[in-house]
Amino acid sequence: MIVRDGEIIASTYNTRESDQIATHHAEIKAIERACKKLNSWRLDDCDLYVTLEPCPMCAGAIVNARIKNVYFAVKDSDSGGITRFNILNNTLNHTTEAKQLIEFEEVNKNLIQKFFKNKRKIQKNK
């Protein structure tokens, strides 16, 4: 979700599997919705909240949208655009601050992995 001045201006979820479109990550979709709502591609006074650390594609979109802060619950040690590739702080035109929200990394990681494993099973059986 994207928040501006304490108000949620966009919220969505990842539909890559259901839509079979590679770019339908939650972050990309939320950025698009927020830009439409504000009628601007600049989201420099907005914060983004996500469960899983954004991938490199999403981290690039976050920087391009000029989002101020990103808050995430679980690091993605394989392909994290923040902790592995440092995309948010590796630009000349904008720097986005990133913070991990919850201290219990392994518990969160296991819960999210179980959630998505079950979700994929349900989608496969439809």
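Taking the numbered list (1) in contact with a strand residue (DSSP E or B) (Cβ under 9 Å, 6 or more places away or on another chain); (2) on the phi > 0 side of the Ramachandran plot in turn, LEU52 passes all entries but (2).
I'm checking my understanding of the structure. Among residues of the stretch 98-120 that are under 15 Å from the mean Cα position of the chain (by Cα) and open to solvent by 70 Å² or more (accessible area, probe 1.4 Å), which one is modelled with the lowest pLDDT? The qualifying residue modelled with the lowest pLDDT is LEU101. The residues of the stretch 6-27 that are touching a residue at least 12 places away in the same chain (Cβ under 8 Å) and open to solvent by 30 Å² or more (accessible area, probe 1.4 Å), listed by number, are SER11, THR12, TYR13, ASN14, GLU17, SER18, THR23.
Could you look through the stretch 44-62, keep only residues that are among the charged types (D, E, K, R) and assigned to a loop (DSSP other than H, G, I, E, B), and pick out the one that is nearest to ASP76 (Cα to Cα)? Per the stated criteria, the residue is GLU53. Among the residues of the stretch 29-43, are any crowded, with 17+ Cβ neighbours inside 10 Å, at pLDDT 90 or above and part of a strand (DSSP E or B)? There is no residue in the stretch 29-43 that is crowded, with 17+ Cβ neighbours inside 10 Å, at pLDDT 90 or above and part of a strand (DSSP E or B).
Of the residues THR95, THR51, which is modelled with pLDDT under 90 and closer than 16 Å to TYR13 by Cα? Every option except THR51 fails the conditions. Among the residues of the stretch 1-16, the ones that are part of a strand (DSSP E or B), over 14 Å from ALA65 (Cβ atoms) and not acidic (Asp, Glu) come to 1 in all. Search the stretch 44-77 for residues being over 17 Å from LYS29 (Cα atoms) and small (Gly, Ala, Ser), and hand back the single one that is surrounded by the fewest Cβ atoms within 10 Å (Cβ to Cβ). Across the stretch 44-77, the extreme among qualifying residues is SER77.
The values are calculated or read from the model by the stated rules, or taken from the named source; none is laboratory data. Being a predicted model, the structure only gives us computed values, none of them experimental. Don't worry about glycine lacking a Cβ; one is built from the backbone with ideal geometry, like all the others, and counts go over all protein chains shown. To get the accessible areas, we keep the full protein, side chains included, count just its heavy atoms, and leave off ligands, DNA and RNA. Shrake-Rupley method; radii C 1.70, N 1.55, O 1.52, S 1.80 Å.
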